[in-house]
1. Here is a list of conditions, (1) closer than 30 Å to A:ILE110 by Cα; (2) at pLDDT below 90; (3) charged (D, E, K, R); (4) in contact with a helix residue (DSSP H, G or I) (Cβ under 7 Å, 6 or more places away or on another chain), and A:GLU187 meets all of them except one; can you say which number that is?
2. Counting just the residues of the range B:305-318 that are outside any helix (DSSP H, G or I) and more than 8 Å from every other protein chain (Cβ to nearest Cβ), which one comes out most open to solvent (accessible area, probe 1.4 Å)?
3. Every residue in the range A:205-221 that is under 12 Å from A:LEU171 (Cα atoms) and crowded, with 20+ Cβ neighbours inside 10 Å, please.
4. Any idea which residue in the range A:287-313 is farthest from ligand 2 (Cβ to nearest atom), counting only those that are open to solvent by 10 Å² or more (accessible area, probe 1.4 Å) and within 19 Å of A:TYR452 (Cβ to Cβ)?
5. Is it the case, given these coordinates, that B:ILE82 is closer than 30 Å to B:ASP7 by Cβ and open to solvent by less than 30 Å² (accessible area, probe 1.4 Å)?
6. Filter the range B:167-184 for residues that are modelled with pLDDT of 95 or more, part of a loop (DSSP other than H, G, I, E, B), surrounded by fewer than 22 Cβ atoms within 10 Å (Cβ to Cβ) and not acidic (Asp, Glu) and give the result.
7. Specify the residue that is farthest from the other protein chains (Cβ to nearest Cβ); the eligible residues are those in the range B:123-152 that are out of contact with any strand residue (DSSP E or B) (no Cβ under 8 Å at 6 or more places or on another chain) and away from ligand 2 (no atom under 16 Å from the Cβ).
8. Select from the range B:89-133 the residues that are under 30 Å from B:THR64 (Cβ atoms), in a helix (DSSP H, G or I) and either open to solvent by 20 Å² or more (accessible area, probe 1.4 Å) or within 16 Å of ligand 1 (Cβ to nearest atom) (or both) and list them in ascending order.
Amino acid sequence: MQFPSRRKKFITNSQTELYGHPLQFYGQPPLENISLTEFEALAVDRLKLLKTIENLGVSYVKLSDQYTKKLQFESKTLNFPYRPDADDRKSQAGPIELEKRRKDHISHFILRLAYCQTEDLRRWFIQQEVDLFRHRFNDLNPKQKLEFLHRNNLQYETISVEEKKTLKDKLVKSSYAASGVTVEDQEFYKVPFQDALDLVRTRKVYLKAGYVYIPHHDIVTIVLNDFRTRLSKALALTARSLPAVHSDERLQPLLNHLSHAYVGQDYSIQKNVGKISLEQIDSLSGKSFPLCMRQIHQSLRENHHLRHGGRMQYGLFLKGIGLSLEQALQFWRSEFIKGKVDADKFDKAYAYSIRHMFGKEGKRTDYTPYSCMKVILSNAPSQGDHHGCPFRHSDPELLKQKLQFYKVSPSGISQILELVKGMHYQLACQKYFELTHNLEDASFSLNHPNQYFIESQKVLGGGKDIKREMDAPQRSQENSATRGSSAAPEEAANASQDLAEGTEELDSFFQDA
Amino acid sequence: MPSSDYDSACLPDILPLYYRRLFPFSQYYRWLNYGGVQKNYFQNREFSFTLKDDIYVRYQSFSTQTELEKEMQKMNPYKIDIGAIYSHRPNQHNTVKSGTFQALEKELVFDIDMTDYDDVRSCCSAADICCKCWTLMTIAIHILDRALREDFGFQHLLWVYSGRRGVHCWVCDEAARKLSVAARSAVAEYLSLVKGGDEMMKKVVLTDPIHPLSVCICDFNRESLAVVEQYFSRYALQDQDILGRKESVDKVLALTPEDVRKELQEDFLYEKKPENRWKLVKEQARRRRGTSKKGQYFEEEIMLQYCYPRLDVNVSKGVNHLLKSPFSVHPKTGRISVPMDLKELETFDPFAVPTINLICEELDRPRTGEEEEKTEDTKEKESEQDAAESRKIRDYKRTSLAKYVKYFDQFLDGMARSWKGELLKKSDLQKDF
Ligand code: SF4
Ligand SMILES: [Zn+2]
């Protein structure tokens, strides 16, 4: 297929020039023709890579040794460029390496087509691509980094020697980048704080009057921001040209398949509506809810109230396990009116947001239950909140007490706490699952609270009638095709780096009065 | 008149008076129009009203100041919220193609609410406040105001008392209004140190992986600590008595490393005076800093956990989040949401903020002779509308609302200077073509 190219440039780029550097900024779409078979093969491999990145990001600290090693290994297996200095000694990359870079280039652009269609897809894709880029940039040696900046015309404002002198104290203190290099020997870049949000968020940079001062060591932050912004814009543009691509009947099903194959199961699909009665919830919460939901449920029963973070996380989970809208309204109302909210106030202040959750108000988006990643990474609980992931957001001491209370054996508890310490929250949760379900080894890898529930019901063989419907085929093809076409292409939107953003509109209805 | 005399049942009677004669519409419009620098800025702004019986109407919008006035005088809202500037007029949001109606800009806002401090104040809980815990708000404003100005370079910060138990901050700089959701949340996170929900006891953890021996963490925390230190002894040790009663002592000690805790527990058996107990804590902390053991910063961590501002990050994050408007009435207390002059922050007394019935009553007091005369004097020269306008101005000037409106005026003058610059730039550009 031929990629739609906005700038019809004459094709002078010989492969060596186009792929002269191990890292690409993907400024230009590929212009060659490729077969449909190759198209699919390339895309599937990149998806595998991105999926690996997503998983690694949950289990390991990004850029830690293990993270880097595993990612390099996966890149190598899938024939993507994986170690930039592997052929550093040769001045030119060999044909095998060039082929890898070509694969990297083309596959990236294919996935742009598949992942530009909705905001959710864009967000997922950008996140993984940014992580991949960060990993690769980090792997470059200093010379290659400069070369990369140069090739792609990335110039950032540096501060003068005098300015550096005056700011020296501040720069030393706030630059965590102590790599043995002193302030004098390093260039410092001065950029608006909006361009280095990751550093601002964590206070790991000197911030003054709206500008951050970034040591060359941390330049990746600025480059990444650039990468993210460009990719996000590009995806918005691609989305607009999508109708043309979609009229191609060979491509359309393929793209839909690609975009759904790897985002995992969509637990908002209401396969099992009404299979659970409200009376069952208390007992199910003890047997089959993951700890996060059990904790919220308990505090809801105790306080007859939940703040909005909890309502979102729990409400969508309940929807995912099969509560109908009517049941949900009844459930929340009956609990809230035991507390400070009367029925009238509930109908005015809360009912709307619950209907909203079911896509019956506002933008009419059908909101998806939160995955573990989302629970763990976004919208951390604060004062008065009970949501979040207990493995991530509880004091280890409290977690221990809770586990004791739930009758987990001392050796089990220490295994769990060990995993928590290593920041393997989902593995800790899975361990808890195994211990409480008397399994040697759970045969799934946990990434979603609703998955926990389904798996638990399977093991317990409970709610026989629930069981079959719950067994939703994960990543099934028939399913994804129909799902794809129902996902109407949204207006070009600023796809974002913030996981929490997708539900932003919904969030605004959940203010506490 | 004390606010205990306020009864929300009187609102239907006095709200019309408030909106007819006291609400500072011209300043309000001047604010939200931002000098007309951007087209349709005021027109595309969402307002939402809470009416009697908690009826909530969203997506109100107005094309002119007069229209806003008329509508408010007609609907007499119990509460006014301000939302975002949208791509289209909010009152027509149903007529535009779905998905195209989007929130584009809004002031960067912060909401600090006393209920979020319940685990660290013993004087009151939930919606109650007293002058003891109000200190927390003073600390919060100091810390945030400094950081927003010096670190982020914002200049136009409007601090507003919410009317009940908290304060709001509206950052009105153009750059702030244009921030993305991601940038807003990064700013809010930069400013948040106290993290963790009810399942997390220790909510502040300071680390310093690179310079383990330097005094303490980053610049930002140092600045914040300097503020907290000024208040800590009076607020935490005296007013809240955190080292007095057994349970509260236990809570504090839970934040110290285990070995230190044991020693302090023993020391406290003999030392009962909170000030001296705190000295013992400091002494332990000083000794620990000489070692390489974990938990070096527990002294600072305690101070921050008890005093550091607690933000509702969700309010700051969303562009389309609504926030109670300045000069709205708080229906529960009757107090007006008034702008706060930070020059008088130390003496700001939430209980001295006027209630709606107080200022309406003040209107009925007989005028002083001088004022009367002037009124007669100018009357003939004014057209009818001008007369109404100037009467309104004189009206609020006769009430205790005056000083807050005056401060609001000063704030607007400051902003006007910056948007004048903008307008000049624009017209210069036009000349060039
Ligand atoms: S790992 Fe996932 S399912 Fe388990 S408690 Fe955490 S968020 Fe819930
Ligand atoms: Zn108090």
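1. Result: A:GLU187 fails condition (1) only.
2. B:LEU311
3. A:VAL205, A:TYR206, A:LEU207, A:VAL212, A:TYR213, A:ILE214, A:PRO215
4. Only one residue fits best here, namely A:LYS287.
5. Yes; evaluated as a whole, the condition is true for this residue.
6. Correct list: B:LYS178 only.
7. B:HIS142
8. B:ASN91, B:GLN92
The values are calculated or read from the model by the stated rules, or taken from the named source; none is laboratory data. As the structure is a prediction and not an experimental result, all values here were calculated from the model. Please note: Cβ atoms are built from the backbone with ideal geometry, for glycine as well, and neighbour counts cover all protein chains shown. Heads up: the accessible areas ignore ligands, DNA and RNA and are worked out on the full protein's heavy atoms, side chains in. Shrake-Rupley method; radii C 1.70, N 1.55, O 1.52, S 1.80 Å.
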